[in-house]
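> Sending over a structure as C-alpha cells; questions will come in a sec.
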Amino acid sequence: MRAGWHRAGRTPEWELALWHLASLRDAAVAGALRAVSRGFATIPRPVRGVLRRLALLAWWSLTLQLPRHLAFWLAARRARAVRPASVPLLARSVPAPQAILLAEPASRPVVSVIIASYGAVPHSLRCLAALAQDRSGVAMEVIVIDDASPDPAVATLALVPGLRLIRNPVRLGYLRSCNAAAATARGEYLLLLNNDTEPAPDAIAAMLALFRTRPDAGAVGAKLVFPDGRLQEAGGIIWRDGSGWNYGRGDDPDLPAYNYVREVDYCSAAALMVPRALFAGLGGFDPRYAPAYYEDTDLAFRLRAAGRPVLYQPRARVMHVEGVSHGTDIAAGGKAHQVANRARFAQRWEATLAAAHYAPGTNLLRARERGHARPVVLVLDHYVPAPDRDAGSRNILNYIDALLADGAIVKFWPHNRAYAAGYTEALQDRGVEVFHGGNSDAFPAWVAAHGAELDLVLLSRPDVAQAALAPLKRHSPARLVYYGTDLHFRRLRQQADVTGDAQAAASAARMERLERWIWRSVDVVLYPSAEEATTVACMEPAVVAKPVPAFGFATFGAERAPPEGADILFVGGFAHPPNEAAVLWFAREILPRVQARHPAARLVIAGSHQGPLVRALAGGSETGGAGNGAVLRADLPAAELLALYQAARVVVAPLRFGAGVKLKVAEALREGTPLVTTSVGAQGLPGIERAVAIADDPAGFADAVVALLDDAALWRARCCAQLAYAREHLTEAALRRRFLEAAGLRAPDPAPAAAARAAPEDAMAEPIAA
C-alpha cells in the first residue's frame, strides 16, 4: 500500500470537484471552498454525492456549461441504454425425425458433432433440430451414439436425414461412448454435445473462429444457459481441493463478466470443441473416470500440461437442460460417480492444484481466468477504442495488446459507460472484460469491491483521471500510471496563440493546473515523446515521467516507384480540433499554390467526424470536383485506408498546433509514402527531418509538395528513407517492451541502454522505439 494516499481532513471527491472552479482566480473563494469540503467529510457519503451534484449543476449554470454537459449526459444515457440483449434460446417442440434437415455428411468434414445419449429421444431430436439451423456453413458430420438404451424410440433417430446413428450393443457409459464415437469421426474438430443441449445457430461458427485466431487453443467451450435464460456456466473454476464451480450460475448471461474470451480451468463437455488429432493423441477421455464425471476437467488439465489452453467463447451460446442423463442428485444414480471421481482427480493433480489454484470461493476475479501468477490491469479511457476512427484509440489499443501479450488480465472501463457496437465486441474477443451501463456510482462501487485485486491502473486523458483517482486511491494499492496522450495544456495554448481565442487561453490555464495535479497524484506519468516527458519533469521535479512509443507496427510498406496521378492525402479524425484547423489551412493557403503549378493535384481527405467546414471543401460532394477539388472519405476500414496511402503521391500533415506523436505521421513513415509536415507534426520523432520535408509557412510547404510531384528520384529517396526510419523506430516489439518497462511490469532491458551509450554522438538522442 502506498503511503500518503489518505490525508487527514481531505475528501478526494471534493478536491476533484474544485477543478470545476479553476477559472475563479479568487484565492479567498477557493480557500473557503476547501474548508467547506473538509467539513463535508463528516456527512454521510450518499448525502455528499447529492450535494456534489447540486454544486456542479450550479457551477455549470453560472458558467454557461450546462447545455454542453446536458447534451453529453443525454448522449451517454442513450448509448448505455442500447445494451445487446441475447436472443433467448427457447426450448423447441419435439420435431418429427424426417422433418430435421441436417446437411449431407461431407466427405471431409471440418467438424464432427458427437452426441452421446441414453434414450431420451425427444431431447436428442431437439438437439438435432437446433444443429439443422446452424449458420456456420462449414462441412459437418453429425454422430449420435446411443448407449444400448432399451427405449424402442431410439430407432426413430435413424430416420433423420444425414445423421449417422451408432448403437452400442452393450452399455459403455458416457465416457467410453464418446471415445468410441471419436474414433470413427473424420472431422478436423470434434464438437462434443450432450443430447439435452440446443446450440444457437452461430455457436459452431463462433467456436471455430476462436480456434482460427488462437491456434494454440486446446479446447473451446461454450456459454451454457438454462431454458429460462439464466446463465448456467461461463467457464469453470477448479479450486485447490478439486471441487468445481460453474462460474456465473444463475446470473444474467449478458453481464460484462460473462462476455469476453478468457482462459479457464475447464469448460463442460456438454458443449466442447477440441481438435480431433489432439484428442486422439491424448487418448481421449481418461477411462479412470468411467462411466462419467471429471473426464472433461481432467482433459482440460492434460491439454494445459501439453501447452494448449482451454478457452471460453461467450459468442457460442448453448441451451442446456442439465441432468437428463444422470439426474442432479450426487447421492444417487450415475451422478454418484461425481464424488468418487473428484477424489481421483484431486489425487492425480495434487501438485498442480496446490501450486496454481485458490482455496474454494476465494480470489474469484483471478480464479475465473487462471490469474494466479498474472497481473490484473485496469485501463480507463473516455470511450471504448475505435481504432478506425481516431489515433488515440489506436494508441491505447497498442498498450492493451502489449499487456495481453505479456500475460496480463486486462479490464477496460470506458468513462462514458457506453456499449459501442462492434468495438466493444472486438475488445472482448481480444480477451478484455469491458464494462458498460450503470450510473455514475458504478465505478466507485466496483473499485471498492475489487480494487484490492488490482496490480496496475492505466489512466488515459485528464478528465478520465480526474474522475477516477479518488476511489482508486481510497480502495486500491495498485500502481497508478497516467498516460497523457499529449500535453493538453500546451496544445490549447498553441491553439490560443494561432487563433487568438481568449477562451482557449483560459482553458489552457485550467488544464495546466489539472494536469499538474494529476501528475502529482500518480506513481508514473507517461508521454509519447521524450520532449514531453522532459517538460513534465522540469515543471514538476518530484514526478516520475517517462517517454513511451505511441505507435508500433508489425508490417511495413515496400520500396516502390511513385504512383500515377497527383493525389495529396490528409488523414485525421476531425473530433480533434487540430486536424480541422490543419486541413482548412492547407486547403485555403497551400493547395492553391500547388494547383497553380499542378492543376491536376487533388486533395483526398480521409477521417471520421467530418464537420460542415471540412465537407464544404468538396462543395458538399463525396466524390470531389467542387470546392477545392477535395475527395472526402470517412470511417474507412484498414484495408481501404492502406489503399489510399499506396495510391497517394504525397501525404500532408500541416498541423499548426498540437502535441505528442501523430498517427498520421507514423503511418506515412510505415507505408513509405513521402510526407510533408510542420514542426508541430514532427514532434516526438527525433531525426525525422532526415526522412521527410518540414515547413511551417505556406510557400515553403507548397514547394515541398510540388518537389515530390515533380521529381521521381526524390520521391523514391524519401520513400526509402521513411521506411528505414519506421523499421528502426516504429516496431511493435519495441513499443511493447518500452511500455511494459515504463509501466513497471517488466524489468528494463540493459541491452538498449548499452547500445545507446555506445552510439556515436550524431545518432538520434532519443530513439522513440529503440
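The values are calculated or read from the model by the stated rules, or taken from the named source; none is laboratory data. These numbers were taken from a predicted model, which means no experiment stands behind them. Using ideal geometry, Cβ is built from the backbone for each residue, glycine included, and neighbour counts are taken over all protein chains shown. With ligands, DNA and RNA removed, areas are computed over all heavy atoms of the protein, side chains included. Shrake-Rupley method; radii C 1.70, N 1.55, O 1.52, S 1.80 Å.
> Looking at segment 648-664, which of the residues that are farther than 19 Å from Gln610 by Cα and at pLDDT 95 or above is surrounded by the fewest Cβ atoms within 10 Å (Cβ to Cβ)?
Within segment 648-664, the match that is surrounded by the fewest Cβ atoms within 10 Å (Cβ to Cβ) is Arg649.
> Please determine, by comparing only the residues of segment 259-297 that are in contact with an Asp or Glu (Cβ under 8 Å, 6 or more places away or on another chain) and aromatic (Phe, Trp, Tyr), which one is most open to solvent (accessible area, probe 1.4 Å).
Tyr266
> If you don't mind, another one. Within segment 426-452, how many residues are out of contact with any His (no Cβ under 9 Å at 6 or more places or on another chain), at negative phi, open to solvent by 40 Å² or more (accessible area, probe 1.4 Å) and touching a residue at least 24 places away in the same chain (Cβ under 8 Å)?
So the count comes out to 3.
> Kindly indicate the residue of segment 501-542 that is within 28 Å of the chain's Cα centre (by Cα), of a type in the set (Asp, Glu) and at pLDDT 95 or above and also least open to solvent (accessible area, probe 1.4 Å) among those meeting that condition.
Looking at residues that are within 28 Å of the chain's Cα centre (by Cα), of a type in the set (Asp, Glu) and at pLDDT 95 or above, I get Glu515.
> Which residues, counting only those in segment 145-160, are over 13 Å from Leu125 (Cβ atoms) and touching a helix residue (DSSP H, G or I) at 6+ places or on another chain (Cβ under 8 Å)?
If the condition is that a residue be over 13 Å from Leu125 (Cβ atoms) and touching a helix residue (DSSP H, G or I) at 6+ places or on another chain (Cβ under 8 Å), then Ile145, Asp147 are the ones that fit.
> While we're on this one: State whether the residues of segment 132-141 include one that is more than 24 Å from Pro227 (Cβ to Cβ) and either open to solvent by less than 10 Å² (accessible area, probe 1.4 Å) or of a type in the set (Ser, Thr, Tyr) (or both).
Checked against the condition, which is being more than 24 Å from Pro227 (Cβ to Cβ) and either open to solvent by less than 10 Å² (accessible area, probe 1.4 Å) or of a type in the set (Ser, Thr, Tyr) (or both), segment 132-141 yields at least one hit.
> List pairs: first residue in segment 131-155 and among the hydroxyl-bearing types (Ser, Thr, Tyr), second residue part of a loop (DSSP other than H, G, I, E, B) anywhere in the structure, Cβ distance under 6 angstrom, at least six positions apart or on different chains.
Ser149/Tyr118; Ser149/Gly119
> So if I check each of Ala449, Ala442, Ala470, Ala478, which one is under 16 Å from Tyr383 (Cβ atoms) and of a type in the set (Gly, Ala, Ser)?
The conditions single out Ala442.
> Quick one: is Arg588 surrounded by fewer than 20 Cβ atoms within 10 Å (Cβ to Cβ) and within 18 Å of Gly700 (Cα to Cα)?
yes
> If we scan segment 480-492, do we find a residue that is buried (at least 20 other Cβ atoms within 10 Å of the Cβ) and free of Cβ contacts under 8 Å to residues at least 24 places away in the same chain?
Scanning segment 480-492 turns up at least one residue that is buried (at least 20 other Cβ atoms within 10 Å of the Cβ) and free of Cβ contacts under 8 Å to residues at least 24 places away in the same chain.
> Within segment 407-424, can one find any residue that is among the hydrophobic types (A, V, I, L, M, F, W, C), at pLDDT 95 or above and in a helix (DSSP H, G or I)?
no
> Go through segment 454-469 and give me each residue that's open to solvent by 10 Å² or more (accessible area, probe 1.4 Å) and under 18 Å from the mean Cα position of the chain (by Cα).
Scanning segment 454-469 gives a single hit, Arg461.
> Quick one: in segment 383-406, which of the residues that are β-branched (Val, Ile, Thr) and in contact with a helix residue (DSSP H, G or I) (Cβ under 9 Å, 6 or more places away or on another chain) is surrounded by the fewest Cβ atoms within 10 Å (Cβ to Cβ)?
Ile400
> Another question, then. Would you check if Pro562 is modelled with pLDDT of 95 or more, open to solvent by 20 Å² or more (accessible area, probe 1.4 Å), farther than 15 Å from Pro462 by Cβ and not charged (D, E, K, R)?
yes
> Please go through segment 234-278 and pick out each residue that is in contact with a His (Cβ under 8 Å, 6 or more places away or on another chain) and part of a strand (DSSP E or B).
Those that are in contact with a His (Cβ under 8 Å, 6 or more places away or on another chain) and part of a strand (DSSP E or B): Ile238, Ala271.
> Restricting segment 133-144 to residues that are touching a helix residue (DSSP H, G or I) at 6+ places or on another chain (Cβ under 7 Å) and of a type outside the set (Lys, Arg), which is farthest from Leu165 (Cα to Cα)?
Checking each candidate, the answer is Ser136.
> Considering only segment 385-408, I want to know if a residue exists there that is closer than 22 Å to Gly607 by Cα, in contact with an Asp or Glu (Cβ under 7 Å, 6 or more places away or on another chain), touching a residue at least 12 places away in the same chain (Cβ under 8 Å) and hydrophobic (A, V, I, L, M, F, W, C).
The answer is yes; a qualifying residue exists.
> With the requirement that a residue be loosely packed, with under 15 Cβ neighbours inside 10 Å and out of contact with any helix residue (DSSP H, G or I) (no Cβ under 9 Å at 6 or more places or on another chain), what does segment 601-612 give you?
Listed by number, the list holds a single entry, Pro612.
> Follow-up. Where residues in segment 192-246 are farther than 24 Å from Ser136 by Cα and among the charged types (D, E, K, R), which of them is surrounded by the fewest Cβ atoms within 10 Å (Cβ to Cβ)?
Asp228
> Next question, about the same structure. For segment 667-715, how many residues meet the condition of being open to solvent by less than 10 Å² (accessible area, probe 1.4 Å), in contact (Cβ under 8 Å) with a residue 40 or more places away in the chain and of a type in the set (A, V, I, L, M)?
Qualifying residue count, segment 667-715: 8.
> If you check Asp252, Asp241, Asp296, which single one turns out to be at pLDDT 95 or above and farther than 21 Å from Phe345 by Cβ?
None of the other options fit; the residue is Asp252.
> Right, another one. Taking segment 162-189 as the search range and keeping residues that are in contact (Cβ under 8 Å) with a residue 24 or more places away in the chain, more than 21 Å from Gly218 (Cα to Cα) and of a type in the set (A, V, I, L, M), which one is surrounded by the most Cβ atoms within 10 Å (Cβ to Cβ)?
For segment 162-189, the residue satisfying everything is Leu163.
> Within segment 138-192, track down each residue that is assigned to a helix (DSSP H, G or I), among the hydrophobic types (A, V, I, L, M, F, W, C) and more than 45 Å from the chain's Cα centre (by Cα).
The answer is Ala153, Val154, Ala155, Ala158, Leu159.
> Check Leu101, Leu159 and return the single one that is open to solvent by 40 Å² or more (accessible area, probe 1.4 Å), in contact (Cβ under 8 Å) with a residue 12 or more places away in the chain and more than 18 Å from Pro201 (Cβ to Cβ).
From the options Leu101, Leu159, the qualifying one is Leu159.
> Which members of segment 411-430 meet the condition of being within 19 Å of Ala205 (Cβ to Cβ) and out of contact with any Pro (no Cβ under 8 Å at 6 or more places or on another chain)?
Of everything in segment 411-430, those that are within 19 Å of Ala205 (Cβ to Cβ) and out of contact with any Pro (no Cβ under 8 Å at 6 or more places or on another chain) turn out to be Gly422, Glu425, Ala426, Asp429, Arg430.
Yes/no matrix, rows are residues, columns are (1) out of contact with any strand residue (DSSP E or B) (no Cβ under 7 Å at 6 or more places or on another chain); (2) closer than 24 Å to Val321 by Cα:
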residue	(1), (2)
Ala158	no, yes
Ile166	no, yes
Arg171	yes, yes
Tyr174	no, yes
Ala181	no, yes
Tyr189	no, no
Asp196	no, yes
Pro199	no, yes
Ala206	no, yes
